[in-house]
1. Once you have the Kirkwood Rh of the chain from its Cα pairs, apply Stokes-Einstein at 10 °C and 1.306 mPa s and quote D in µm²/s.
2. Could you work out the local net charge near residue 26, counting Lys and Arg as +1, Asp and Glu as -1, over the other residues with Cβ closer than 13 Å to its Cβ?
3. At 1.4 Å probe size, put 7, 91, 185 in order of accessible surface, largest to smallest.
4. Report for the chain the percent antiparallel among DSSP-assigned beta bridges with both residues inside it, nearest 5.
5. Counting only heavy atoms of protein chains, what accessible area per residue, in Å², does the chain have with a probe of 1.4 Å?
6. Under a Cβ-only charge scheme (Lys and Arg +1, Asp and Glu -1), can you give me the dipole magnitude of the chain about the Cα centre, in debye to the nearest 20?
7. Counting only protein heavy atoms, what percent of the accessible surface of the chain is carbon or sulfur at a 1.4 Å probe?
Amino acid sequence: MIRVTIFEDIREIRELLAETIRVAEELLLTGAYPNANEAVKVIRKDKPDVVLMDIQMPGITGIEAVQQIKAEYPDVQILMQTVFEDNARIFSSICAGASGYILKDSSPERYVEAIIEVSQGGSPMPPVIARKVWTMFQQQNHTFAKEEYKELSTNEQKVLDCLVKGMSYKLIADECKISISTVNFHLKNIYRKLHVNSATEAISKAVKRQIV
């Protein structure tokens, strides 16, 4: 089962998320907290696979907590949840080490899908957020020359393009008319060829180096 820890300051949302995780067969709730002031201690105690992190909380912000957690536990996957769509918070979260984004008005089913996806190495991101990420990296890295890398196959290029557009593994599989396991196979090759270790890094490098 996928171990999940929640950091969310609004009690009603925290309780709803906790219940969503409790009833999901694939997930195990390890804790739900109103702030991230002792995030590293919590991670040490709960040993989660995935953290649901509110981006804006009193005390230590979600972005600061991500930095602290990733410094001590780089393998923990962090899914940012937010009502904000502003570029500064998005860019800061990605730079801090967040693995994906989900908007707070998402359905319980979408939350479960996103948690499973991020635990499998994916980078779930609503299209509106993915477009902002694309724009941010284009603006900040438009002067970068293409970096040398092993040439991607046609199928790998198509999978990477879908990933950059914010598609889930299921949507990529449907778009490319392949199985989800084949999507994973192509992504492993993409990571190896681009010298990255995650979907977030692949998206960043693809946009920075204008690979897609």
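The values are calculated or read from the model by the stated rules, or taken from the named source; none is laboratory data. Just so we're clear, the structure is a prediction, and the values are computed from it rather than from any experiment. Quick reminder, even Gly has a Cβ in these numbers, built from the backbone with ideal geometry, and neighbours come from all protein chains shown. For accessibility, only protein heavy atoms count, side chains too; no ligands or nucleic acids. Shrake-Rupley method; radii C 1.70, N 1.55, O 1.52, S 1.80 Å.
1. Taking Rh from Cα pairs, D becomes 91 µm²/s.
2. Net charge around residue 26: -3.
3. Descending order: 185, 91, 7.
4. 0
5. That works out to 50 Å² for each residue.
6. With Lys and Arg at +1 and Asp and Glu at -1, about 660 debye.
7. That share works out to 51 percent.
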